[in-house]
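Peer 1: Before we start, here is the structure in question, set down as structure tokens.
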Amino acid sequence: MGLHEKITDSQLYRRWIKKRAQGPLAQFYDITPVAPERRVSDIEFVAVDLETTGLNAKHDEIISIGWVLIRNRGVDFSSAHHSLVRPTRDVSESSAVIHGILDSHVAEAPDIDTILRQLLPILAGRVLLAHHAPIELGFLGRACRRLYGAPLQMPTVDTLVLGLRDIHRQGTPLKSGALKLQNLRKTHNLPPYRAHNALTDAIATAELFLAQINKRDPKGELELDRVLR
């Protein structure tokens, strides 16, 4: 974890932004975050994935979101949720080529405020799980600042970071593409899924995390702090 992540994950920073939060984000901050010394096996995680109009949270927007909960070291498929999100600008052709989402698909979709009002109560008191989490944290945090006056801060686990730690621990060279979601799944003998669907990728991330955890901690005694980004 770098200095920036240590600052933004600190309790002092959380207290500072809690005073500025409004609406559903203020209610989110009323729930005590998960303590880092708790065992991973006792914690609920929310695997989240986004499809966006680009990679710059300052200029681009969320157009699809999927999430699913992990409970008792298993994926709770009954909690799986997917929604398109209506952006404020047209979807670019270059991004549509990647995820297949067109302007016509999102024209009647709920806006990001509606989605966050669903998602924030689910995230409260749990741990966010994502593959390359700066994307999810960047876009969700930007939307929270714009709508509710403060960024989103919560305990976060990044399966890409866990994959990188595995490679370093094994002392093997880092090959191009090795940290992609589908490639890390392959190293854990998980089946391939079609990429660039937010719910499918959220489920794929959840399954990868469980495989990574089972390899590290077959007895279920690992503390959250050992896997935080």
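The values are calculated or read from the model by the stated rules, or taken from the named source; none is laboratory data. Not measured: the values here are computed from a predicted model. Every residue, glycine among them, receives a Cβ derived from its backbone with ideal geometry; neighbour counts consider all protein chains shown. Areas reflect the complete protein model, heavy atoms only, side chains present, ligands, DNA and RNA absent. Shrake-Rupley method; radii C 1.70, N 1.55, O 1.52, S 1.80 Å.
Peer 1: Among the helices of the chain (complete DSSP H runs), which have Cα atoms covering no less than 18 Å along the helix axis and a Kyte-Doolittle mean of at least -1.0? Intermediate results must be reported in sequence, preceding the final value.
Peer 2: Details: long enough: 133-148 (21 Å, 0.26); 198-216 (27 Å, 0.44).
Those that pass (Cα extent of 18 Å or more, hydropathy at least -1.0) are 133-148, 198-216.
Peer 1: Let me ask something else. Based on DSSP H runs of at least 4 residues, each adding -39500 (n - 2.57), what is the mean residue ellipticity at 222 nm of the chain after dividing by all its residues, to the nearest 500 deg cm²/dmol?
Peer 2: Numbers: 10 runs with 98 residues, N = 229.
Helices in the chain give a 222 nm mean residue ellipticity of -12500 deg cm²/dmol.
Peer 1: Please give the per residue accessible area of the chain, computed with a probe of 1.4 Å over protein heavy atoms only, in Å². List each step's numbers first, then the result.
Peer 2: Details: 11900 Å² over 229 residues.
Here the residues of the chain average 52 Å² of exposed surface.
Peer 1: Here's something else I'd like to know. Accessible area of the stretch 83-229 with a 1.4 Å probe: how many percent of it is carbon plus sulfur? Each step should come with its number before you reach the end.
Peer 2: Details: 3820 of 7380 Å².
Using a 1.4 Å probe with all protein chains present, the stretch 83-229 comes out at 52 percent carbon and sulfur.
Peer 1: Once the piece of chain linking residue 35 and residue 90 is laid out straight, how much longer is it, given 0.36 nm per residue of separation minus the C-alpha distance between them?
Peer 2: Working: separation 55, 0.36 × 55 = 19.80 nm, distance 4.12 nm.
Additional length available on full extension: 15.7 nm.
Peer 1: Okay, moving on. Treating the beta-carbon of each Lys and Arg as +1 and of each Asp and Glu as -1, no other charges, what is the dipole magnitude of the stretch 59-108 about its Cα centre, to the nearest 20 debye? If you can, show how the numbers build up before the last one.
Peer 2: Details: 4 positive and 7 negative charges, 77 e Å.
It works out to roughly 380 debye.
Peer 1: Whenever you get a sec, line up 159, 32 from highest to lowest accessible area (probe 1.4 Å, protein heavy atoms).
Peer 2: Working: 159 0, 32 110 Å².
From most accessible down to least: 32, 159.
Peer 1: Translational diffusion coefficient of the chain at 4 °C, 1.567 mPa s, Stokes-Einstein with Kirkwood Rh over Cα pairs, in µm²/s as a whole number.
Peer 2: On the way: Rh = 18.1 Å.
Estimated via Stokes-Einstein, D reaches 71 µm²/s.
Peer 1: Right, next: Scale the Cα Rg of the stretch 118-229 by the rule-of-thumb value 2.2 N^0.38 Å and send over the ratio, two decimals.
Peer 2: On the way: Rg = 15.0 Å, N = 112, 2.2 N^0.38 = 13.2 Å.
With N residues counted in the stretch 118-229, Rg over 2.2 N^0.38 Å equals 1.14.
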